[in-house]
Amino acid sequence: MSHAPIVEEPDDADASEPPQRFAVTSAYSGLRVDKALALLLPDVSRSRIQQWIEADAIRVNGISPRARDAVIEGDVIELTPPPAIDALAFEPETMALDIVHEDDAIIVVDKPPGLVVHPGAGNWSGTLLNGLLAHDAALARVPRAGIVHRLDADTSGLMVVARTIASHTELVRQLQARSVLREYWAIVVGAAPLAGAIDAPIGRDPRNPVKFKVSQAPSAKEARTNFRRIECVDAGRVQLSWLACRLETGRTHQIRVHLESIGHPLIGDPLYRRGRPGPAAGAGQGDAAWVRFPRQALHACRLSLTHPSSGERMVWFRPPPPDMRRLMRAAGFAACDRPREVFD
């Protein structure tokens, strides 16, 4: 006897969400209903199936079962999955977007701090992706609404979005070829070197699942960050440095992890500066501004790429957002409203 389930056609062919029906064969007879369905639907986790049972989305012979109830040969399991919470993630949501450049192929946006780029656990709505779909409904036809690279939620700055499949393919190719220039400005603790290149693999921190660290573990990924110091100032009892960083790779938290690894964590970083030494608020004139800064002081200020349609090399610059400009003024840094040519 075949072990494959018999999938029956629904009685109501016009239903918008028709249930799936499975006739239990001898291969599944005697199994718990959640285990039987997990075998019948290998792409669905058993925990999700148990959630469906609790939501009354599964019936056995027309009756709502418990997860531990057994099925026998000849039983009919009927499944009408409720919408998963992430099914709402790709809904358009109108929001103000700072569009720096827009044409038929790409959109360049200046992302504010605090805006999550892509829906995920705990952030299924209110993301940049939702705003992009409201700005251009056609982006629903492009993978991830055209998003080809990300910024951390509390990192501000420039991002490019593909408006077509062809543009998406070409931008991904450029990112993989490392021909997209991404320059960030960072405010860090201490007098950083005038220049440097941090070439150190990055992997997850086994002690904290949301953190990353420089690591030699087999699972760690290569990462390289180049930096130049723009300015160094005294801020109370410590010095602060304004750095320009350029990425050769794009690992999660890369700049944050790399700069912390050489003893110069980002001001305000909630993960990688925690527990680092520093003065108490009020110890000096500039201290209060940077001690209380609520996010990592990191801004993607410059973006340069080859236009996927015209082949023209394009470059955009945006100064830091108001909160970071206030921090820099309070610390005593020079004006930050224009690019600084510190890389050769």
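Every number here is computed from the coordinates shown, using simple stated rules; none is lab data. These figures come from a predicted structure and were not determined experimentally. Ideal geometry is used to build each Cβ from the backbone, glycine not excepted, and the neighbour counts take in all protein chains shown.
Across segment 291-300, coupling constants 3J(HN,Hα) worked out from phi with the 6.51/-1.76/1.60 Karplus curve, θ = phi - 60°, read 5, 8, 4, x, 8, 5, 7, 9, 9, 7 Hz, and Gly and Pro carry x. Residues in segment 210-215 carry Karplus couplings, in order, of 9, 9, 10, 7, 5, 8 Hz; the curve used is 6.51 cos²θ - 1.76 cosθ + 1.60 with θ = phi - 60°, and Gly or Pro positions show x. Spin-label model, ALA70 to PHE343: label points 7 Å out along the Cα-to-beta-carbon direction sit 6.6 nm apart. Over segment 166-279, the reciprocal of the mean inverse Cα-Cα separation, the Kirkwood hydrodynamic radius, stands at 15.1 Å. Take the Cα of ARG173, go 7 Å toward its beta carbon, and the backbone nitrogen atoms of segment 310-332 under 17 Å from that spot belong to 310-314. Using only the Cα atoms, what convex hull volume per residue in Å³ does segment 35-82 have? Looking at segment 35-82, the number lands at 68 Å³ per residue. Near GLY30, the amide H atoms lying under 5 Å from its own belong to VAL71, ILE72, GLU73; only residues 5 or more places off or on other chains count, and H is placed 1.01 Å from N.
Residues TRP185, TRP316, TRP124, arranged from fewest to most other Cβ atoms within 10 angstrom of their Cβ, appear as TRP316, TRP124, TRP185. Computed from the alpha carbon atoms alone, the convex hull of segment 15-64 holds 92 Å³ per residue. Remark: spin-label model distance ALA140-ASN226 equals 4.3 nm, labels positioned 7 Å along the Cα→Cβ axis. Here's how it looks for ILE147: its modeled amide H is under 5 Å from those of ALA162, which are all 5 or more places away or on a different chain. Ranked for footprinting exposure by Cβ neighbours inside 10 Å, fewest first, LEU247, LEU259, LEU128 give LEU247, LEU128, LEU259. Tell me the Kirkwood radius of the chain: reciprocal of the mean inverse pair distance over distinct alpha-carbon atoms, in Å. With all distinct Cα pairs of the chain included, I get 23.5 Å. If R0 is 35 Å, what FRET efficiency do you get for ASP234 and LEU181 from their C-beta distance, rounded to 0.05? With a Förster radius of 35 Å, E is 0.65.
Of all lysines in the structure, those lying under 28 Å Cα to Cα from LYS213, and not within fewer than 8 positions of it along the same chain, are LYS111, LYS221. Computed from phi, the 3J(HN,Hα) profile of segment 128-143 under the Karplus parametrisation 6.51, -1.76, 1.60 (θ = phi - 60°) reads 4, 4, 4, x, 5, 5, 6, 5, 8, 4, 5, 5, 5, 8, 10, x Hz, with x in place of Gly and Pro.
The loop-placed trypsin sites (Lys or Arg not before Pro) in segment 122-185, going by DSSP, that have at most 15 neighbouring Cβ atoms within 10 Å of their Cβ come out as ARG178. Take the Cα radius of gyration of segment 85-190 and divide it by 2.2 N^0.38 Å, N being the number of residues; the result is 1.08.
Close amide H partners of LYS111, meaning residues 5 or more places away or on another chain with modelled amide H under 5 Å apart, are GLY157, LEU158, MET159.
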